[in-house]
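Student: Below: one structure in C-alpha cells.
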Amino acid sequence: MIQSESDILTVEEAAELLKIPRSSVYKLAQEGKIPARKVGRHWRFHRATLLKWIAGELNRNVNSNIGE
C-alpha cells in the first residue's frame, strides 16, 4: 500500500498505482516501455509522469532515460 504521496515511487508503489504485478513493472521498465529512471540498481518512477503515461498522454514507447 502506498503510505505517502511522494512524487518519486519505488517499483512496489508504481505497481500498486498501476494495479499490475511488480514483475510487470520491472519488465516494462527494462524494455523502456514505461517512463522510469534507474538509480544504481533501483528503478524509480515519477508519479505524475506515470499517470500521464497510463492516460495515453505520453508516447507508449518511452526511453528509460527520460529527462536527460
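Just so you know, all these numbers are worked out from the coordinates, no wet-lab data involved. Bear in mind the structure is a predicted one, so any value in this text is a computation, not a measurement. A quick note on method: Cβ atoms are made from the backbone with ideal geometry, for glycine too, and the neighbour counts reach across all protein chains shown.
Student: Using θ = phi - 60° and the Karplus relation 6.51 cos²θ - 1.76 cosθ + 1.60, list the HN-Hα couplings for segment 34-46 in order, rounded to whole Hz, with x at every Gly or Pro.
Tutor: 9, x, 8, 9, 9, 10, x, 9, 10, 8, 10, 9, 8
Student: Amide H to amide H under 5 Å from residue 36: which residues, 5+ apart in sequence or cross-chain, H placed 1.01 Å off N in plane?
Tutor: Excluding prolines and chain starts, which carry no amide H, the hits are 66.
Student: While we're looking at this one, here's another question. Is there a quick way to get the dipole size of segment 1-51? I mean about its Cα centre, with the Cβ of Lys and Arg at +1 and of Asp and Glu at -1; what is the value in debye to the nearest 20?
Tutor: 260
Student: So what is the orientation-averaged projected area of segment 1-55, using the convex hull of its C-alpha atoms, in nm²?
Tutor: The Cα convex hull of segment 1-55, projected and averaged over all directions, gives 3.5 nm².
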